[in-house]
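Encoded as structure tokens, the structure appears first; notes follow it.
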Amino acid sequence: MLLLAVTLAAWADGLNIVPQPLRVSRGSGEFVISVNTRIVCQPQLRQEAEWLADALRASTGLPLTVGSGGGTKGAISLAIDTVAVTDAEGYCLSVSAKGVSIKARTGAGAFYAMQTLMQLLPRDAYSSTVRNGVRWSVPVADIYDAPAYKWRGLMLDVSRYFHDSDFLRSYIDMMAAYKLNVLQLHLVDDAGWRLEIKKYPLLTEVGAWAGDDVHRLGGYYTQQEMRELVAYAARRGVTIVPEIELPAHMLSAIVAYPWLSCRRLKNEVQTQGTISEQIMCAGNEDCYTFLEDVFDEVCDIFPSHYVNIGGDEANYVCWKSCPRCQDLKRRLGLKDESQMQGYVTNRVIDILKRHGRTVVGWNEIAERGELHAPVVANCWHEPEKATELIAKGNYALLSPVEYCYFDMPESSTPGEVQAATWSRPVSVEQVYALKPDTYCADGRMLGVQACLWSDQFIVGTRLQEIDALNENRSEHYIEYLTYPRAIALSEVGWTASSRRDYADFTRRLATQYAVLDLKGCHYRVPEPVVSAVKNDDGTTTVTLTPSVLGARMRYRTDGRYPNVHSTEYTAPVRVRRLSDFLAITEVSPRHFSLPVCPAGIDPYSGKYGKKVGVWSPDSLRDTTFVTLRIPLDIEQISQSGDYTATFVYQNGSVRLEIKGVRLYCNGELISADYHPGVTGATSEYNAYRLNVQWFERLRSYVLEADVRGDIGPDSRGNIYLRHD
């Protein structure tokens, strides 16, 4: 245990604050919160002081009181100071042996100072129940801190899957702990309208529900529920930005009110994920009256300066055949339908301007037609567009797929959760690599925002809750995809790129998993960090470093996946074949990581294409055929054409038999190759030909193979896919 003990000591020596503060001066000594500690504040910071008192009472059990005036010796004091703090969200946090002083320019700054204070306390401070026997000490330090960017956000898709208010509250609490300050709610899409609009009751009576009987899905927020949620978030420094998608992605509204569309046909709210051709009729003046009415109520509920209108992925086929739209196009002298979307956006800009609001949308809104006022372009597809759009007078927000789409998996390791596959995996390191100042360094780059789409809930039924069991599967799924990546994003938005270092971040991140545990967050457990050294006798020594402070690491040396009963790692391990070593991080018997294998470069990847999956004794069942299911990402299926799937044996006492291979797109079978196959023979017997006739980036592709061990399950190998 010597290595682990040394590592823990190194962690304990630092302050380990995430996101990294601007300036930190560490002193000697500590301040101890006791029964005599008071919290004193100016009247305008009473709300923040009460939050801190509630949080600390819950874990310490101490009778902390909140008051004003009087001395600050032995107290935690909060004050507004516009001289000492020049940044709007900045703060000064000073800890001495006599007390804690927080100075801020605004309530938000004071709240962020309290989040830093919570991280300086023992981790038990985050407990929702009293922890006895803890010394509630804070190290002496002086911290001046302020964010690099004003917008540090998460977008949660509550349209394709409805997440109730209780879960959103816990989601906001997690955001606040890491100084994330914007929650964009994707309230409208083809799969559901989620906000009560009193003037148009069918939006939620009809448009909020999909499917029939026991398969019926949906839900919505009443205006009262949303007002309460907005206030809850505001008390934690989080602004909720509503997204009312238009002119596309609003089938749920069209189902409720068919006159909103060009064709006025009867439709149904989606139960499976596609992009509907039905969009709002640009030539129908009644549609703009509808939007005025909707935004009147939206702006009354949400005090946010920004309102998001989406604006992406509009298919203009309906506009091209609609007499009203074509008449509008002629009257305005527009060249094509994309310019007509600019007209729609301008109408909404005018509506929201009357409410003192600024339009936000995906970058398409700033690219389709001339706009007569600046907008905030959320650049999701090509982040370099931010530079161009800012040069035109707009503002930009970065959400590039390759860094910020949290509905992508973190890895391509077999066993990863079902997630979107139309782009490559997004690791924590990849999130951290985003540098917003690459695209613009002035105030028109507002910041960063990760996006978590709920498409996977309407791709098949694997992620749906079992109502009779009252599951919380969806909450665990969302938390798994959000954390720890959102913590990396918090530092991207808070700390200037020039001051960030990934190695230092991972050291600090390792101390934060205890916080997630105490807050009940079902995060993705990171794999151990592996280093390997080749020895003179031909063996290899494997050294593991923990990625979660205090967690166990377990391993196997026979090529099989380890579990919580496998050998616990306590010292470097010597193995004959590196490919047979796999290890996991175990936080608890019910919460552990996927395995990490340090085997290195795959010698077959060049010949057979990209490795997409594996088989092992754990995935086989005696001599019965089983179906291996392999989600594919954008690097594996990237274009139309012919593909070859090849099965390559590695080791084990038996060969693999293959009966057939199938390729699915969004759950629909698009190609198959059935012939008896076996590994270890000529390539014609272990290679399967497939075809993708029409490739689309936004679709999910899955490979399935029917396989078995010929005389038992002891077989291991890799599955490759090559574009021909």
Item checked: Evaluation of residue 7 against (1) β-branched (Val, Ile, Thr); (2) surrounded by 16 or more Cβ atoms within 10 Å (Cβ to Cβ); (3) at pLDDT below 95 (one fails), failing number -> (2)
Margin query: Suppose we filter 84, 146, 88, 141 for residues that are in contact with a Ser or Thr (Cβ under 9 Å, 6 or more places away or on another chain), open to solvent by 30 Å² or more (accessible area, probe 1.4 Å) and over 18 Å from residue 35 (Cα atoms); which single one remains?
Written below: 88
Next item on the list: Tell me, yes or no, whether region 263-284 has at least one residue that is part of a helix (DSSP H, G or I) and either within 15 Å of residue 347 (Cβ to Cβ) or open to solvent by 10 Å² or more (accessible area, probe 1.4 Å) (or both).
Entry: no
Margin query: Quick check on residue 587: is it within 30 Å of residue 692 (Cα to Cα), open to solvent by 40 Å² or more (accessible area, probe 1.4 Å), of a type in the set (Val, Ile, Thr) and touching a residue at least 12 places away in the same chain (Cβ under 8 Å)?
Written below: no
Check: Is it true that residue 173 is assigned to a helix (DSSP H, G or I), at pLDDT 95 or above, farther than 30 Å from residue 20 by Cβ and out of contact with any strand residue (DSSP E or B) (no Cβ under 8 Å at 6 or more places or on another chain)?
Finding: no
Margin query: Considering only region 665-679, I want to know if a residue exists there that is modelled with pLDDT under 90, among the aromatic types (Phe, Trp, Tyr) and more than 36 Å from the chain's Cα centre (by Cα).
Written below: no
Check: Pairs under 9 Å by beta carbon, first residue at positive phi in region 335-356, partner open to solvent by less than 50 Å² (accessible area, probe 1.4 Å) and of a type outside the set (Lys, Arg), six or more apart or different chains?
Finding: 356/299
Check: What strands (runs of 3 or more DSSP E) completely inside region 642-693 contain at least 3 residues that are open to solvent by 10 Å² or more (accessible area, probe 1.4 Å) and out of contact with any helix residue (DSSP H, G or I) (no Cβ under 6 Å at 6 or more places or on another chain)?
Finding: 656-665, 668-678
Margin query: I want to confirm something. Restricting to region 544-576 and keeping residues that are touching a Leu at 6+ places or on another chain (Cβ under 7 Å) and not in a loop (DSSP other than H, G, I, E, B), which single residue is surrounded by the most Cβ atoms within 10 Å (Cβ to Cβ)?
Written below: 553
Check: Considering only region 122-131, how many residues are part of a loop (DSSP other than H, G, I, E, B), open to solvent by 10 Å² or more (accessible area, probe 1.4 Å) and either in contact with a Leu (Cβ under 8 Å, 6 or more places away or on another chain) or modelled with pLDDT under 95 (or both)?
Finding: 1
Notebook entry, point to check: Within the bounds of region 673-687, is there any residue that is at positive phi and touching an Asp or Glu at 6+ places or on another chain (Cβ under 8 Å)?
Noted result: no
Check: Between residues in region 537-556 that are over 16 Å from residue 513 (Cβ atoms) and residues that are among the charged types (D, E, K, R), which pairs lie under 6 Å by C-beta distance while being six or more apart or on different chains?
Finding: 539/574; 539/576; 540/534; 541/574; 554/568; 554/586
Check: Which members of region 300-332 meet the condition of being open to solvent by less than 60 Å² (accessible area, probe 1.4 Å) and in a loop (DSSP other than H, G, I, E, B)?
Finding: 302, 304, 309, 310, 311, 312, 313, 314, 316, 322
Next item on the list: Return the pairs, sorted by first residue and then second, in which the second residue is of a type in the set (Gly, Ala, Ser) and open to solvent by 20 Å² or more (accessible area, probe 1.4 Å), the first residue lies in region 58-70 and is farther than 13 Å from residue 39 by Cβ, the beta carbons are less than 6 Å apart, and the residues are 6+ apart or on different chains.
Entry: 58/128
Check: Taking region 513-540 on its own, how many of its residues are touching a Ser or Thr at 6+ places or on another chain (Cβ under 6 Å) and either assigned to a helix (DSSP H, G or I) or of a type in the set (D, E, K, R) (or both)?
Finding: 3
Note to self: Any residue at all in region 235-248 that's in contact with a Phe, Trp or Tyr (Cβ under 7 Å, 6 or more places away or on another chain), assigned to a helix (DSSP H, G or I) and open to solvent by 10 Å² or more (accessible area, probe 1.4 Å)?
What the structure shows: no
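The values are calculated or read from the model by the stated rules, or taken from the named source; none is laboratory data. These numbers come from a predicted model, not from an experiment. Counting neighbours? That spans all protein chains shown, and the Cβs are built from the backbone with ideal geometry, glycine included. Just so you know, the surface numbers come from the protein's heavy atoms only, side chains and all, with ligands and any DNA or RNA stripped out. Shrake-Rupley method; radii C 1.70, N 1.55, O 1.52, S 1.80 Å.
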